[in-house]
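Q: Quick one: the structure is below, questions incoming.
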Amino acid sequence: MAAAIHINQLCKTYGKLQALRSVDLDIQQGEFFGLLGPNGAGKTTLISTLAGLTRADSGSASILGFDVQRDYREARRQLGVVPQELVFDPFFTVRELLRIQSGYFGIRRNDDWIDEVLANLDLTDKADTNMRKLSGGMKRRVLVAQALVHRPPVIVLDEPTAGVDVELRQTLWRFVRDLNQQGHTVVLTTHYLEEAENLCGRIAMLKQGRIVALDTTSNLLSQFSRQTLKLRLRDGAQLPPALAARGQMTPSGAFSIALNDLDEVESVLHVLHEAGARVEDMELAKPDLEEVFVSVMHEAG
Amino acid sequence: MGLGFRTLLYKELLRFWKVGFQTVAAPVLTAMLYLLIFSHVLEAHVKVYDEIAYTAFLVPGLIMMSVLQNAFANSSSSLIQSKVTGNIIFVLLPPLSYREFFAAYVLASVGRGLVVGGGVWLVTLWFVDLHYSHPLWILAFAILGGMMMGALGMVAGIWADKFDQLAAFQNFIIMPLTFLSGVFYSIHSLPEFWQGVSHWNPVFYLIDGFRYGFFGRGDVSPWLGLGVVALCTALFSVVTLYVLQRGYKLRG
Ligand SMILES: Nc1ncnc2c1ncn2[C@@H]1O[C@H](COP(=O)(O)OP(=O)(O)O)[C@@H](O)[C@H]1O
Ligand SMILES: [Mg+2]
């Protein structure tokens, strides 16, 4: 079975700037994949190369086995891209636009599917509205719809929720999740790490054109981020000497203690008890992707 | 060519048709103003080829000029608008081949050229009685002229990054070429030097050949005109196709 996306030693420079430095990446069919990284990391450049909007200097990429340069027509049929920029064609209504976009992909009489997509994106009542009359959030939905007119097996969304209200985010993720469950491969870039954590099975982190972390979301979480015990002691007491080295005081006067595994909770409480310190409040903080992200980006230098 | 090509052609035609006031009515009005002013000023003084009244001589030139300028404007402005606003990606993401891409933009340019040219022709029917000696030549030069300028418009639209650059292309290349082509005069009335220069201007052959279709006579043979124009059209087309295939500017 061909990989949904296969990227081999892809390099791209803009003048002196190396936007992609020999990126290797395979994404399997049916995955929900997250592509994370700070601004300027090269996420959009990578996506543009897959979509044929940019030509790489060297290396290759293919979609479901079709090389994005050599078999560009077949590759593009497999791919639906929601671009980062909020672009639109002011001459047309939503439905006209979606019909035209279907035609570009060689699909005629696509109205059943168009209606379904519109309904799923809560756009049905805007179908005959001109693009320039739509709000930003609505335009974003149309961009998603345009990317889906040809039912692409591989869907790439480049920061689809940047500056978008909660309602649209929820609508969008419900729809994209359904598509993923029906077998579509989904690749997502986002700055909302919570979103990525909830949605993505696997994640790649990009920094300055390089992949600096690539693993399943759960592995990344357990590998990079330990659980922490947050506690507050009665009467403003300090941590006993046995724990002082491991604990950090937060600005509010509470302490956080990093744990290697959950069994350590017991021993920490035991030490506190022995020392006569009494716990006023206690909370176990789960690892989150944000910590992973920060530490990966930090380690990658 | 497949449905993708036909859809892009349809979209490009719809694009100018939806703003027809600007893209069709305005250039027709401009041509009318030229006709009123020049014929008023020159009708009594100028006879071309001895027996043809100046207004009758002028009209085919104006029609052709409208065809050419609007064909150029259509492909070039569509491309630059899409590039500047970013919605060019909607035609870059689908599996359109570069030949389909080229053909759709050029044919839409021909369409706009013919619609505006036809509009000018219709309105001028009120003012002059035209002869149609060789309708096929009329059609051949109109279509070929639209193709040539449509292809040139693509080159300009792809090359330009900003509207001012396109405007410069229009003002410094297209306008001089059309105005110095014999729209308003027969080049036989020019000094010899400028007659020579005119023979290097492909637009001259378009105007002259087009006029030949009406009056049955021109400054040069229509076959020579056809050859020159076909060669230029082929040249601009090859350049455009090459540029599209390489992805120059459009696929950085
Ligand atoms: N067309 C371009 N010309 C010059 N530099 C570019 C171009 N596109 C992107 N870059 C640069 O390449 C780097 C990667 O950009 P991009 O892929 O947009 O990052 P991301 O999407 O991760 O924020 C950035 O430094 C950006 O400034
Ligand atoms: Mg980006």
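The values are calculated or read from the model by the stated rules, or taken from the named source; none is laboratory data. Only a predicted model underlies this, so the values are computations on that prediction, with no experimental measurement involved. Cβ sites come from the backbone with ideal geometry, for glycine too, and all protein chains shown count toward neighbours. Heavy atoms of the whole protein, side chains included, go into the accessibility calculation; ligands, DNA and RNA do not. Shrake-Rupley method; radii C 1.70, N 1.55, O 1.52, S 1.80 Å.
Q: Filter region A:152-196 down to residues that are within 14 Å of ligand 1 (Cβ to nearest atom) and open to solvent by 20 Å² or more (accessible area, probe 1.4 Å), then give me how many there are.
A: So the count comes out to 2.
Q: Sticking with this structure for a sec: Find the residue count for region B:20-43, including only residues that are under 16 Å from B:LEU58 (Cβ atoms), of a type in the set (Gly, Ala, Ser) and modelled with pLDDT of 90 or more.
A: Residues that pass the stated criteria total 1.
Q: Does A:VAL117 satisfy the condition of being modelled with pLDDT of 95 or more, on the phi < 0 side of the Ramachandran plot, surrounded by 15 or more Cβ atoms within 10 Å (Cβ to Cβ) and not in a helix (DSSP H, G or I)? Spell out how you get there, then give the answer.
A: Numbers: modelled with pLDDT of 95 or more: yes; on the phi < 0 side of the Ramachandran plot: yes; surrounded by 15 or more Cβ atoms within 10 Å (Cβ to Cβ): yes; not in a helix (DSSP H, G or I): no.
When the stated conditions are applied, A:VAL117 does not pass them.
Q: Now a separate question. Give the residues of region A:13-55 that are within 11 Å of chain B (Cβ to nearest Cβ) and more than 16 Å from ligand 2 (Cβ to nearest atom), sorted by residue number.
A: Across region A:13-55, the qualifying residues are A:GLY52, A:ARG55.
Q: Anything in region A:197-243 that is farther than 30 Å from A:PRO38 by Cα, open to solvent by 50 Å² or more (accessible area, probe 1.4 Å) and not in a strand (DSSP E or B)? List them, or say none.
A: Quick first cut of region A:197-243, residues farther than 30 Å from A:PRO38 by Cα only: A:231-243.
After this cut, where a residue has to be open to solvent by 50 Å² or more (accessible area, probe 1.4 Å) as well, the list is A:232, A:234-236, A:238, A:241-242.
Residues satisfying the conditions are A:ARG234, A:ASP235, A:GLY236, A:GLN238, A:PRO241, A:ALA242.
Q: What number of residues within region A:151-161 are among the β-branched types (Val, Ile, Thr), within 24 Å of A:GLY103 (Cα to Cα) and either modelled with pLDDT under 90 or away from ligand 2 (no atom under 16 Å from the Cβ) (or both)? Steps first, please.
A: At the first step, the residues of region A:151-161 found to be among the β-branched types (Val, Ile, Thr) are A:154-156, A:161.
Now drop any that are not within 24 Å of A:GLY103 (Cα to Cα), which leaves A:154-156.
The next check asks that each one be either modelled with pLDDT under 90 or away from ligand 2 (no atom under 16 Å from the Cβ) (or both); those that pass are A:154-155.
The number of residues fulfilling the criteria is 2.
Q: Would you mind finding the one in A:VAL68, A:VAL81 that is open to solvent by less than 30 Å² (accessible area, probe 1.4 Å), within 25 Å of B:LEU244 (Cα to Cα), within 16 Å of ligand 2 (Cβ to nearest atom) and within 14 Å of another protein chain (Cβ to nearest Cβ)? Before the answer, list the steps.
A: Details: A:VAL68 fails: within 16 Å of ligand 2 (Cβ to nearest atom).
Of A:VAL68, A:VAL81, the one residue that is open to solvent by less than 30 Å² (accessible area, probe 1.4 Å), within 25 Å of B:LEU244 (Cα to Cα), within 16 Å of ligand 2 (Cβ to nearest atom) and within 14 Å of another protein chain (Cβ to nearest Cβ) is A:VAL81.
Q: OK, next. Quick check on my filter: what residues within region A:190-206 are within 24 Å of A:HIS6 (Cα to Cα) and either hydrophobic (A, V, I, L, M, F, W, C) or at pLDDT 95 or above (or both)?
A: Correct list: A:ALA196, A:LEU199, A:CYS200, A:GLY201, A:ARG202, A:ILE203, A:ALA204, A:MET205, A:LEU206.
Q: Also: Of all residues in region A:132-152, which are in contact (Cβ under 8 Å) with a residue 40 or more places away in the chain and among the hydrophobic types (A, V, I, L, M, F, W, C)?
A: Listed by number, the residues that qualify are A:LEU134, A:VAL142, A:LEU143, A:VAL144, A:ALA145, A:ALA147, A:LEU148, A:VAL149.
Q: Taking the criterion of being within 15 Å of ligand 1 (Cβ to nearest atom), within 10 Å of chain B (Cβ to nearest Cβ) and open to solvent by 40 Å² or more (accessible area, probe 1.4 Å), would at least one residue in region A:88-108 satisfy it? Write out each step before concluding.
A: Looking only at region A:88-108, we keep the residues that are within 15 Å of ligand 1 (Cβ to nearest atom), and these are none.
No, because not a single residue in region A:88-108 is within 15 Å of ligand 1 (Cβ to nearest atom), within 10 Å of chain B (Cβ to nearest Cβ) and open to solvent by 40 Å² or more (accessible area, probe 1.4 Å).
Q: Could you check, for region A:113-129, whether at least one of its residues is more than 11 Å from chain B (Cβ to nearest Cβ) and closer than 21 Å to B:ARG6 by Cβ? Break it down into steps so the answer makes sense when it comes.
A: In the first step, residues of region A:113-129 are kept if they are more than 11 Å from chain B (Cβ to nearest Cβ); the result is A:113-129.
Within this subset, residues satisfying the condition of being closer than 21 Å to B:ARG6 by Cβ are A:113-114.
Yes - at least one qualifying residue is present in region A:113-129.
Q: Another question, if that's okay. Of the residues A:VAL212, A:VAL164, A:VAL176, A:VAL187, which single one is in contact with a helix residue (DSSP H, G or I) (Cβ under 9 Å, 6 or more places away or on another chain) and modelled with pLDDT under 90?
A: On the way: A:VAL212 fails: modelled with pLDDT under 90; A:VAL176 fails: modelled with pLDDT under 90; A:VAL187 fails: modelled with pLDDT under 90.
The unique qualifying residue is A:VAL164.
Q: Whether any residue in region A:30-47 is aromatic (Phe, Trp, Tyr) and open to solvent by 50 Å² or more (accessible area, probe 1.4 Å) is what I want to check. Lay out the reasoning, then the answer.
A: Filtering region A:30-47 for residues aromatic (Phe, Trp, Tyr) gives A:32-33.
Checking the rest, the ones that are also open to solvent by 50 Å² or more (accessible area, probe 1.4 Å) come to none.
No, region A:30-47 contains no residue that is aromatic (Phe, Trp, Tyr) and open to solvent by 50 Å² or more (accessible area, probe 1.4 Å).
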